[in-house]
Amino acid sequence: MTDGDAVIGTIRATRIVGPGREFLIDDEPVDIHIADGLIADIAPTGALPSRGEVLDVEGAWTVPGLWDNHVHTVQWALTAERAPLGHAVSAAAAAHAMSGVVPLPDGRRVGTGFRDALWPDRPTLELLDAATGAVPTYLINADVHSVWLNSAALAREGFRSDDGLLRETDAFEISRRLNAVDAAHGDSAMRRAGEQAAARGVTGVVDFDMAWGADAWPRRIRDGFAAHRVEFAVYPFDLDRAIAAGLRTGEPHEEPDAPAAGRGLVHMGPLKVITDGSLGTRTAACSHAYPHDPDNFGMLTVPSDELVDLLTRAAGAGLAVAVHAIGDRAVTSALDAFTTTGAVGSIEHVQLVRHADLARFGRLGVVASVQPQHAVDDRELVDRLWSGQTAIGYPLASLRDAGAEMRFGSDAPVAPLDPWQAISAAVSRTEDDRAPWHPEERITIGQALEASVRTSLRPGEPADIVVCGADPLVASGETLRGMPVWATLLAGRRTHAGS
């Protein structure tokens with residue numbers, strides 16, 4: 001294989017995995033022929049003349065291009081510039097870690113990824129002030145539903161908090177401000193992040209950035225972004241603007257003078273509505289109270305009547321809806337709203353589901369957009385904070401068996417943007433030497449791949465293809481997690497060339 005952003009005409013001597021395996025004859029390698037960005041033909045190796053540049057991958061396996069169906073793109077791209085706090089085992093340790101962080105050019109210290117639900121001590125304003133002094137300091141929870149600020153940061157942003165913690169809407173506003181970097185800076189970070197995603201076989205993402213993507217994505221394409229396809233969402237505060245602009249889910253959104261490599265990559269996505277909190281922040285709306293906090297059942301941040309109104313308006317304007325619902329009360333509320341309005345779309349996260357609600361996904365045609373890595377990352381939190389819940393935690397097999405369509409994502413930066421990690425977590429329900437967590441919710445590798453792709457390897461389909469260095473269908477969880485990606489093609493154009 002050669003380096004470069006080449007257009008491939010033939011992938012030679014590969015074995016197909018997933019949809020399209022019927023083209024294999026006695027498991028012998030085939031050639032995949034590509035023309036005009038589409039798969040033109042699939043034939044036994046050497047049976048047809050090669051087209052254009054040849055990618056010889058003898059001994060490799062190909063799968064359709066992988067999608068991450070839940071990404072906060074700018075926050076994910078900027079994570080590399082922020083101090084990692086996932087290792088912090090206490091509030092004191094996190095505060096101390098921030099004391100040595102070099103401020104960003106705007107004068108703010110920013111850390112990300114802390115998980116305070118299992119800490120032995122509590123975050124306090126006094127503790128963070130003592131460690132960080134007069135430099136505005138921001139610590140973002142791994143779930144992004146809370147932030148911990150020192151007094152200097154609170155004053156800078158115009159917020160007040162007795163303990164320095166801001167949750168839900170206020171926390172999102174802080175993240176929006178931190179993400180609102182100079183466009184050239186943010187777009188450069190996005191290009192780097194897109195290259196990293198392509199290196200893991202990503203050919204498409206659903207972008208849930210809390211900014212106006214209708215301007216940002218055409219600009220990025222114009223400036224050279226061409227790593228993967230994008231469906232960008234809008235939030236309720238921009239719904240009127242989206243309707244006035246005539247944005248409709250699924251329609252292309254680009255400028256006439258877009259570079260050739262970027263044409264057809266950007267489409268309008270759904271309306272995103274966040275209806276409850278999160279497990280880590282102890283705000284997910286649940287049927288039973290959180291331990292040692294008998295009055296805390298989480299919170300429904302969007303009342304049922306308001307949610308129905310939003311879905312009605314979205315449906316009337318041609319917009320699908322992606323409803324964030326983590327706790328079982330929020331999932332029920334979301335399903336009720338889909339039932340009432342006839343809107344189409346997904347429920348995002350689906351981390352705690354009442355048994356009676358499982359079959360409603362299939363009956364309504366509502367997609368369960370889930371992040372399997374969260375089950376691995378959150379197992380201790382669930383065992384501690386949801387031990388008294390009677391609903392099913394982090395269901396996969398139960399949803400599938402009930403007829404639900406599933407789509408996988410990462411929720412990056414909450415988890416790494418790597419579909420192979422999601423596939424591994426769904427198949428193994430562990431990432432170390434511990435026994436699988438709730439193994440009854442495991443699904444097969446084939447089912448996990450199905451939830452990670454949008455196309456198939458068949459003639460007429462887009463030539464969005466990932467060339468793998470191992471056979472996913474027989475791979476262990478560890479091998480899946482570290483799957484070698486030899487090449488990634490987007491409409492036949494190579495966006496990643498491995499070794």
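The values are calculated or read from the model by the stated rules, or taken from the named source; none is laboratory data. Nothing here was measured: the structure is a model prediction, and the numbers come from that model. Backbone-built Cβ (ideal geometry, glycine too); neighbour counts: all protein chains shown. Keep in mind that these areas ignore ligands, DNA and RNA; they rest on the heavy atoms of the full protein, side chains included. Shrake-Rupley method; radii C 1.70, N 1.55, O 1.52, S 1.80 Å.
Taking the criterion of being under 24 Å from ALA80 (Cα atoms), aromatic (Phe, Trp, Tyr) and touching an Asp or Glu at 6+ places or on another chain (Cβ under 9 Å), the only residue of the stretch 380-424 that qualifies is PHE408. Each residue in the stretch 127-163 was checked for being farther than 20 Å from GLY298 by Cα and touching a helix residue (DSSP H, G or I) at 6+ places or on another chain (Cβ under 9 Å), and 23 pass. From the set of residues in the stretch 235-254 that are in a loop (DSSP other than H, G, I, E, B) and either among the small types (Gly, Ala, Ser) or surrounded by fewer than 19 Cβ atoms within 10 Å (Cβ to Cβ) (or both), which is modelled with the lowest pLDDT? If we take residues in the stretch 235-254 being in a loop (DSSP other than H, G, I, E, B) and either among the small types (Gly, Ala, Ser) or surrounded by fewer than 19 Cβ atoms within 10 Å (Cβ to Cβ) (or both), then GLU254 is modelled with the lowest pLDDT. Determine whether the stretch 198-206 contains at least one residue that is among the polar types (S, T, N, Q), outside any loop (DSSP other than H, G, I, E, B) and open to solvent by less than 10 Å² (accessible area, probe 1.4 Å). Within the stretch 198-206, one or more residues are among the polar types (S, T, N, Q), outside any loop (DSSP other than H, G, I, E, B) and open to solvent by less than 10 Å² (accessible area, probe 1.4 Å).
Residues are listed down the side, and each one gets a yes or a no for (1) over 23 Å from the mean Cα position of the chain (by Cα); (2) surrounded by fewer than 18 Cβ atoms within 10 Å (Cβ to Cβ); (3) closer than 22 Å to ASP5 by Cβ:
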| position | (1), (2), (3) |
| --- | --- |
| ARG458 | yes, yes, no |
| ASP464 | no, no, yes |
| CYS468 | no, no, yes |
| VAL474 | yes, yes, no |
| ARG481 | no, no, no |
| GLY492 | yes, no, yes |
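When the stretch 95-147 is limited to residues that are open to solvent by 30 Å² or more (accessible area, probe 1.4 Å) and among the hydroxyl-bearing types (Ser, Thr, Tyr), the one that is nearest to PHE159 (Cα to Cα) turns out to be THR124. In the set (1) open to solvent by 80 Å² or more (accessible area, probe 1.4 Å); (2) at pLDDT below 95; (3) under 32 Å from the mean Cα position of the chain (by Cα), ILE25 fails one condition alone, (3). ARG177 falls short of the stated requirement of being assigned to a loop (DSSP other than H, G, I, E, B) and either open to solvent by 70 Å² or more (accessible area, probe 1.4 Å) or β-branched (Val, Ile, Thr) (or both).
Go through the stretch 97-111 and give me each residue that's outside any helix (DSSP H, G or I) and touching a Ser or Thr at 6+ places or on another chain (Cβ under 6 Å). ARG109 - this is the single residue of the stretch 97-111 that is outside any helix (DSSP H, G or I) and touching a Ser or Thr at 6+ places or on another chain (Cβ under 6 Å).
Looking at the stretch 335-342, can you tell me whether even one residue there is buried (at least 24 other Cβ atoms within 10 Å of the Cβ), of a type in the set (Gly, Ala, Ser) and under 22 Å from SER428 (Cα atoms)? No, that holds for no residue.
Of all the criteria given as (1) outside any loop (DSSP other than H, G, I, E, B); (2) within 30 Å of ALA60 (Cβ to Cβ); (3) open to solvent by less than 60 Å² (accessible area, probe 1.4 Å); (4) not acidic (Asp, Glu), the one not satisfied by ARG192 is (3). No other residue among LEU55, LEU78, LEU48 is surrounded by 14 or more Cβ atoms within 10 Å (Cβ to Cβ) and over 31 Å from the mean Cα position of the chain (by Cα) apart from LEU48. Return yes or no: is ASP5 open to solvent by 50 Å² or more (accessible area, probe 1.4 Å), touching a helix residue (DSSP H, G or I) at 6+ places or on another chain (Cβ under 9 Å) and closer than 28 Å to VAL266 by Cα? Spelling it out, ASP5 is indeed open to solvent by 50 Å² or more (accessible area, probe 1.4 Å), touching a helix residue (DSSP H, G or I) at 6+ places or on another chain (Cβ under 9 Å) and closer than 28 Å to VAL266 by Cα. The number of residues in the stretch 422-447 that are in contact (Cβ under 8 Å) with a residue 40 or more places away in the chain, open to solvent by 30 Å² or more (accessible area, probe 1.4 Å) and of a type in the set (Asp, Glu) comes to 2. State whether the residues of the stretch 255-271 include one that is assigned to a loop (DSSP other than H, G, I, E, B), β-branched (Val, Ile, Thr) and open to solvent by less than 30 Å² (accessible area, probe 1.4 Å). Checked against the condition, which is being assigned to a loop (DSSP other than H, G, I, E, B), β-branched (Val, Ile, Thr) and open to solvent by less than 30 Å² (accessible area, probe 1.4 Å), the stretch 255-271 yields no hits at all. Every residue in the stretch 272-304 that is part of a strand (DSSP E or B) and under 19 Å from the mean Cα position of the chain (by Cα), please. Residues satisfying the conditions are LYS272, VAL273, ILE274, ASP276. Residue check: GLY246 meets all listed conditions (1) touching a Lys or Arg at 6+ places or on another chain (Cβ under 9 Å); (2) without any contact (Cβ under 8 Å) to a residue 40 or more places away in the chain; (3) not aromatic (Phe, Trp, Tyr) but one, namely (1). The residues of the stretch 142-176 that are basic (Lys, Arg) and farther than 18 Å from ARG282 by Cα, listed by number, are ARG156, ARG160, ARG176. Looking only at residues in the stretch 365-404 that are charged (D, E, K, R) and touching a Leu at 6+ places or on another chain (Cβ under 9 Å), the one that is surrounded by the most Cβ atoms within 10 Å (Cβ to Cβ) is ASP378.
Taking the listed residues ARG360, ARG400, the one that is closer than 29 Å to THR488 by Cβ and of a type in the set (Lys, Arg) is ARG400, with no other qualifying.
For beta carbons closer than 9 Å, sequence separation of 6+ or different chains, a first residue in the stretch 356-367 that is free of Cβ contacts under 8 Å to residues at least 60 places away in the same chain and a second that is among the acidic types (Asp, Glu) and buried (at least 17 other Cβ atoms within 10 Å of the Cβ), the qualifying pairs are ASP357/ASP328. Is it the case, given these coordinates, that ALA94 is farther than 30 Å from SER452 by Cα, part of a helix (DSSP H, G or I) and in contact with a strand residue (DSSP E or B) (Cβ under 8 Å, 6 or more places away or on another chain)? Here the answer is yes, as ALA94 does meet what is asked. Among the residues of the stretch 274-326, those that are buried (at least 21 other Cβ atoms within 10 Å of the Cβ) and among the charged types (D, E, K, R) comprise ASP276, ARG282.
Among the residues of the stretch 221-234, those identified as buried (at least 18 other Cβ atoms within 10 Å of the Cβ) and not in a strand (DSSP E or B) are ILE221, PHE225, ALA226, ALA227, HIS228.
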